[in-house]
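Working notes for the structure below.
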Amino acid sequence: MTPDRIKQLLATGEGISIEYKECVNELSNSVWETVCSFSNRYGGHLILGAKDDGTPIGVNPRAAQQMRKNFANMLNNQKKISPALFLSLSEVVLDDKLLLYVYIPVSSQMQSCSGKIFDRNEDGDLDITNSTNLVAQLSLRKSDQFTEREVFPYATLDDLRLDLIPRVKRMATGRIPDHPWKDMEAMEIFKSAGLYEDDKRTGKKGFNLAAILLFGKDEVVRSCAPGIVTDALLRRDNVDRYDDRRYIETNLIEAYDQLMEFFEKHTNDSFHLVNDVSVSARSWIAREMLSNILAHREYSKAFNAKLIIERERIYAENWNRSNEHGRIDPKSFTPQSKNPIIAKFFMNIGRADQLGSGVRNLYIYTKLYSGGEPELIEGDIFKTIIPLVRVDERQMNTTDYSRIQPNTTEYERKEADHAGEKKRKILKYLEEHNQVSVADLTKLFALSEERIRAIMREMVKEGVVTKVGRTKSVYYILK
């Protein structure tokens, strides 16, 4: 968010999707009501440190950090906001005054604040808890808008991959050590994540489409979601057909790993020193592209998503429920989640961040990777195009990152996902333990064995480790 954009929002005035709060030293109770009402209506922009008429007065800089921390914590407090939301305040300086800003996307579920349901009405937050008709209308609007919320009343725990639960817990606690899922049973996690619903309008109870997409067994996923297939293609030499192909039709947790392995197998990596830390630009690009393909895709239509790696570009497309049409401008676009439940789940396990950050990150890391800019085109089919330049796998560049440096907290959370950083951790582990197995690394990184083997194949190819043994007795040592 730029100062110019904040100035534009302050000049627009409060309305159905814009709200100002003074909040000089602490968060007011009305902040949560606005978060709730924006989530239940169209989404909206919330600016702290401004009067009702848009005059910026600023937030106390000494209080800003604690306010940001309290904001994130309260959104994860079920007694305050339910279901939990994963949002964070960002700092913007305008005319020497510090403002706090957050964009609140529309939620696919009915949000409540302290047990009450709020909806947005012009420039105010309306308590509709005791209005049966308004609550019913809100429920109808959300159920009609988001296909991920379709309830499958005959789906049971036997239809889901419960063996993925321990891994999901490791991924969540790896990002936030005291994550609420840490001590939850499987059913508690499903309910906490909004994957099990009790639809008061229809009387249906059960797992929704989001649950099946994330955890379903392969045959169940294929049955319930005709749009589950992702076709990964390499067209570098044989452009009429393909040089390599991966046809993926499994749950989203494992589909992400398979797509990441394909991406890393067929693209070179480039590393850049950012604040004295080596960063894999390719890993950031892959993470954002794959999260978009899987989390922000419309699954109601039998349209195969595609990830195509060519000589000059990486191209992805998926069926989309568009809000706008044409190329996305990162300076002015308004992010809208297509599948908020799935997107929120990906945030919990560290495969996505705050809505809208993906577009900004693609622009940042594509510039580092190839010197070009990505194209993101909104329409019935959402398209992402990354210009591709061949680079040496071990290239190291020093880049002035002062103007495009991402939020430090976001960066630290994401860094564990970068293949380059994983390799460094593996080397450090080998220095301390002399040898390592795939099973050891699976526990260390909370990744699938397939993904770990792919990383180790790269390290063997790069000549930094040696593979010892055969079949199940394989282990790796430093070369």
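Numbers below:
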item: Partnerless Cys - the chain, beta-carbon criterion under 4.7 Å; result: CYS23, CYS224
item: Stretch gain in nm, segment ILE308-LYS443, where the contour uses 0.36 nm per residue and the Cα spacing is subtracted; result: 45.5 nm
item: In Hz, Karplus ³J(HN,Hα) per residue of the range 46-59 (6.51, -1.76, 1.60; θ = phi - 60°; x = Gly, Pro); result: 10, 10, 9, x, 9, 6, 4, 8, x, 6, x, 10, x, 9
item: Protection-proxy order for peptides 257-268, 4-15, 35-46, each taking the mean of Cβ atoms within 10 Å per residue, highest first; result: 35-46, 257-268, 4-15
item: Per residue value of the accessible surface for the chain (all protein chains in place, 1.4 Å probe), Å²; result: 46
item: Nonlocal amide H pairs with TYR242, under 5 Å, H built at 1.01 Å; result: none
item: Using alpha carbons only: equivalent-ellipsoid semi-axes of the range 199-310, gyration tensor based, whole Å; result: 31, 20, 10
item: Amide hydrogen neighbours beyond the local backbone of ILE81, cut-off 5 Å, H modeled; result: SER114
item: Area of ARG311 that stays accessible when all protein chains are in place (1.4 Å probe, Å², to 10); result: 110
item: Local electrostatic count at LEU48 - Lys and Arg +1, Asp and Glu -1, tallied over other residues with Cβ under 12 Å; result: 0
item: For the range 226-294, size of Cβ-based charge dipole, Lys and Arg +1, Asp and Glu -1, in debye; result: 140
item: Two-decimal log10 I(q)/I(0) for the chain, as the Debye equation yields it once each C-alpha is a single scatterer, q = 0.10, 0.14 Å⁻¹; result: -0.80, -1.53
item: Set LYS142/LYS338; LYS306/LYS461; LYS80/LYS331; LYS331/LYS383; LYS301/LYS331 screened for pairs whose C-alpha atoms are more than 22 Å apart; result: LYS306/LYS461; LYS80/LYS331; LYS301/LYS331
item: Packing-based order for 284-297, 108-121, using average beta carbon neighbours within 10 Å, highest first; result: 284-297, 108-121
item: Whole-number D in µm² s⁻¹ for the range 29-173, Kirkwood Cα-pair radius fed into Stokes-Einstein, 10 °C, 1.306 mPa s; result: 92
item: Percent carbon-and-sulfur accessible area, the chain, ignoring ligands, DNA and RNA, probe 1.4 Å; result: 46
item: FRET E, pair LEU157, ASP96, Förster distance 41 Å, beta-carbon r, rounded to 0.05; result: 0.15
item: P(r) tail fraction, the range 131-210 - alpha-carbon pairs more than 17 Å apart, %; result: 54
item: The chain: relative contact order in percent, alpha carbon pairs under 8 Å with at least 6 residues between; result: 12
item: Centroid-to-centroid separation of the range 217-293 and the range 141-188 [C-alpha atoms, Å]; result: 22
item: Pairwise FRET efficiency - THR12 versus SER278, Cβ, R0 = 56 Å, nearest 0.05; result: 0.85
item: Within the chain, helix-based [θ] at 222 nm, where runs of 4 or more DSSP H residues each add -39,500 (n - 2.57), nearest 500; result: -11500 deg cm²/dmol
item: Inter-probe distance in nm under a simple model that places probes 7 Å from Cα toward Cβ, at GLU431 and SER300; result: 5.4
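The values are calculated or read from the model by the stated rules, or taken from the named source; none is laboratory data. Predicted model only: the values in this text are computed from it and were never measured. Cβ atoms come from the backbone with ideal geometry, glycine included; neighbour counts cover every protein chain shown. Heads up: the accessible areas ignore ligands, DNA and RNA and are worked out on the full protein's heavy atoms, side chains in. Shrake-Rupley method; radii C 1.70, N 1.55, O 1.52, S 1.80 Å.
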